[in-house]
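Peer 1: I'd like to ask some things about the structure below.
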Amino acid sequence: MILITGATGNVGREVVKLLLAEGRKVVAVSRNPAPAMMPLEARLFNGDPSRPATLATAFKGIDAVLLAPRALAGSAREIVTLAVSKGVRRAVVLSAVTVQYGGGYRRFADEFREVEEAVRESGLEWTLLRSADYASNAMAWAEQIRAGDIVRGAYGDAATSTIHERDVAAVAARSLLDATHAGHTYVLTGPQSLMQREKVQSIGRAIGRNLTWQEIPPDQVRQSMLARGLPEDIPDRMLGYLAEYVQQPGPSSDTLECILQRPALTFNEWAVEHAAAFGGQPQL
């Protein structure tokens, strides 16, 4: 049986689906479990990974666990110790390329590094997945695109090899099921380095509109995001990361293709799949 933290996140939901398709039993941890958010075959567990005591009974019968650092919120060592005490054998960590390559505010990379270190020192079999920025981050533009043809943002020339969240989930599922991935640290990126403004153009093609990028100061972007009710760490994470990649593109890797034995999904494919969110026709 496999336990998934961050089970309602973009990657966690996909991992749950993939594991169930393999016939595995899955425990999906959520602070606010809602049956409609998970396949019926998954066992929902009401718990908060940032408060390890709430997961005291969650690890019974669990063989492997997927750890999402942002869901743990500083409780990595307590969670890992609890998992080991309950007989868990394997852990897979959803980490970030910033641990290895830098970029953005150091405190965010340190959050991922803390979870990595806790797992490596635990005695568990471990696999670390250091991913580039997720394609789903582009959802931050959805409101603007539904309202008009101009996307206002900062660091339009910042280039990253954005990764489709389903690809991250596919590697995570493989790593949870196959012990040959134990002891490996994987850098996972998409197949193409694209600037922010190029991603906006890709979304435009997916929805049949000519979208343009308008550069505005980073602080204006930050204030706009805060005004929409987003926590302060969201614009700090995004803007700090992008600022690093204006002069030099972020890292790229073919590791994902080697593991999955297929091409990585492109940002264009992601944009077509999510066209409805930007005001386009839903894909059937």
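The values are calculated or read from the model by the stated rules, or taken from the named source; none is laboratory data. Just so we're clear, the structure is a prediction, and the values are computed from it rather than from any experiment. No Cβ is skipped: glycine too gets one built from the backbone with ideal geometry, and neighbour counts run over all protein chains shown.
Peer 1: Can you pull out every residue in segment 172-212 that is surrounded by 19 or more Cβ atoms within 10 Å (Cβ to Cβ), among the β-branched types (Val, Ile, Thr) and more than 30 Å from residue 90 (Cβ to Cβ)?
Peer 2: If the condition is that a residue be surrounded by 19 or more Cβ atoms within 10 Å (Cβ to Cβ), among the β-branched types (Val, Ile, Thr) and more than 30 Å from residue 90 (Cβ to Cβ), then 200, 203, 207 are the ones that fit.
Peer 1: Okay, moving on. Residue 229 - would you say it is at positive phi and either touching a strand residue (DSSP E or B) at 6+ places or on another chain (Cβ under 6 Å) or not aliphatic (A, V, I, L, M) (or both)?
Peer 2: Yes, satisfied.
Peer 1: Okay, next question. Yes or no: segment 95-108 includes at least one residue that is of a type in the set (Ser, Thr, Tyr) and under 25 Å from residue 26 (Cβ atoms).
Peer 2: yes
Peer 1: Here is a list: 125, 116, 78. Which entry is under 21 Å from residue 189 (Cα atoms), surrounded by 15 or more Cβ atoms within 10 Å (Cβ to Cβ), among the acidic types (Asp, Glu) and touching a residue at least 12 places away in the same chain (Cβ under 8 Å)?
Peer 2: 116
Peer 1: Identify all residues within segment 1-17 that are outside any loop (DSSP other than H, G, I, E, B), of a type outside the set (Lys, Arg) and surrounded by fewer than 19 Cβ atoms within 10 Å (Cβ to Cβ); write none if there are none.
Peer 2: Passing the criteria: only 10.
Peer 1: Something else: Just to be sure I understand the filter: pairs with C-beta atoms under 8 Å, separated by 6 or more residues or on different chains, first member in segment 44-65 and polar (S, T, N, Q), second member in a helix (DSSP H, G or I) and crowded, with 19+ Cβ neighbours inside 10 Å. Which pairs pass?
Peer 2: Close Cβ pairs satisfying both conditions: 50/71; 50/72.
Residue by residue, here is whether (1) more than 29 Å from residue 1 (Cα to Cα); (2) of a type outside the set (A, V, I, L, M, F, W, C) holds:
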site: 66; (1), (2): no, no
site: 77; (1), (2): no, yes
site: 87; (1), (2): no, yes
site: 96; (1), (2): no, no
site: 108; (1), (2): yes, no
site: 117; (1), (2): no, yes
site: 124; (1), (2): no, no
site: 138; (1), (2): yes, no
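Peer 1: Within the bounds of segment 173-187, is there any residue that is part of a loop (DSSP other than H, G, I, E, B) and touching a residue at least 12 places away in the same chain (Cβ under 8 Å)?
Peer 2: For segment 173-187, residues part of a loop (DSSP other than H, G, I, E, B) and touching a residue at least 12 places away in the same chain (Cβ under 8 Å): present.
Peer 1: For segment 50-75: of the residues being surrounded by 23 or more Cβ atoms within 10 Å (Cβ to Cβ) and at pLDDT below 90, which is farthest from the chain's Cα centre (by Cα)?
Peer 2: Result: 72.
Peer 1: Which condition from (1) modelled with pLDDT under 95; (2) among the charged types (D, E, K, R); (3) part of a helix (DSSP H, G or I); (4) more than 29 Å from residue 183 (Cβ to Cβ) is the one that residue 146 breaks?
Peer 2: (1)
Peer 1: Starting from segment 11-34, keep only residues that are touching a residue at least 24 places away in the same chain (Cβ under 8 Å), then list their pairs with residues that are in a strand (DSSP E or B) and of a type in the set (Phe, Trp, Tyr) whose Cβ atoms are within a distance under 8 Å, requiring at least 6 positions of separation or different chains.
Peer 2: Matching pairs, first to second residue: 11/134; 27/45; 28/45; 29/45.
Peer 1: Could you identify the single residue in 70, 51, 146 that is farther than 23 Å from residue 267 by Cβ and out of contact with any His (no Cβ under 8 Å at 6 or more places or on another chain)?
Peer 2: Answer to the selection: 51.
Peer 1: Mind listing whichever residues of segment 205-263 are more than 22 Å from residue 110 (Cα to Cα), assigned to a helix (DSSP H, G or I) and of a type in the set (Asp, Glu)?
Peer 2: Across segment 205-263, the qualifying residues are 219, 257.
Peer 1: Could I ask something else about it? Here are the criteria: (1) part of a strand (DSSP E or B); (2) assigned by TED's automatic domain parsing to the domain that holds residue 63. Tell me which single one residue 169 does not satisfy.
Peer 2: The number of the failed condition is (1).
Peer 1: Based on what the data block shows, is residue 222 farther than 30 Å from residue 88 by Cα, at pLDDT 95 or above, surrounded by fewer than 20 Cβ atoms within 10 Å (Cβ to Cβ) and out of contact with any Asp or Glu (no Cβ under 6 Å at 6 or more places or on another chain)? Before you say what the answer is, go through the steps one by one.
Peer 2: Values: farther than 30 Å from residue 88 by Cα: yes; at pLDDT 95 or above: no; surrounded by fewer than 20 Cβ atoms within 10 Å (Cβ to Cβ): yes; out of contact with any Asp or Glu (no Cβ under 6 Å at 6 or more places or on another chain): yes.
No; evaluated as a whole, the condition is false for this residue.
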